Amino acid sequence: MGKRIEVFSADCPLCRDTLGLIKQEAPKECEIIERKCSGDECCQPAKDYDIKAVPTVVVDGKIAFVGKPTLEQVKQLFV
């Protein structure tokens, strides 16, 4: 069974890079969800996780990265 990956994004260059890395490295069976936050408005899942910065990557309900991860860090998610 694949992992559920949520990428909390403000659609900025760092967020787009992070989402792109996740999509590039994730196995097909993973579910990837982009959650957009803009300005002072944040989606309810971001509030539930108490996310304070974007990009933030949540894997199977746990915060894995705050900020843009490196390629090596993303690869480690799928080992």
Point to revise | Index of the failed condition, E6 passing every other in (1) in contact (Cβ under 8 Å) with a residue 40 or more places away in the chain; (2) part of a helix (DSSP H, G or I); (3) not polar (S, T, N, Q) | key: (2)
Practice item. Take the residues in the range 11-43 that are more than 23 Å from T70 (Cβ to Cβ) and of a type outside the set (D, E, K, R), then tell me which one is surrounded by the fewest Cβ atoms within 10 Å (Cβ to Cβ). Key: G39
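Output the number of residues of the range 1-10 satisfying the condition of being surrounded by fewer than 17 Cβ atoms within 10 Å (Cβ to Cβ) and either over 22 Å from T70 (Cα atoms) or of a type in the set (F, W, Y) (or both). Give the derivation first.
Here is the first cut: in the range 1-10, the residues surrounded by fewer than 17 Cβ atoms within 10 Å (Cβ to Cβ) are 1-4, 10.
Subset that is either over 22 Å from T70 (Cα atoms) or of a type in the set (F, W, Y) (or both): 1.
Final tally of qualifying residues: 1.
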Review point. Cβ-Cβ below 8 Å, separation at least six or inter-chain, first residue in the range 28-55 and closer than 23 Å to G2 by Cβ and at pLDDT 90 or above, second among the aliphatic types (A, V, I, L, M) and in a helix (DSSP H, G or I): which pairs?
Key: I32/L19; I32/I22; E34/L19; R35/A46; P55/L14; P55/L19
Exercise for review: Provide a single number: the residues in the range 44-79 that are surrounded by 12 or more Cβ atoms within 10 Å (Cβ to Cβ) and within 20 Å of P13 (Cβ to Cβ).
Suggested key: 12
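The values are calculated or read from the model by the stated rules, or taken from the named source; none is laboratory data. The structure displayed is predicted, hence computed values, not measured ones. Reconstructed Cβ throughout: ideal geometry from the backbone, glycine too, with neighbour counts over all protein chains shown.
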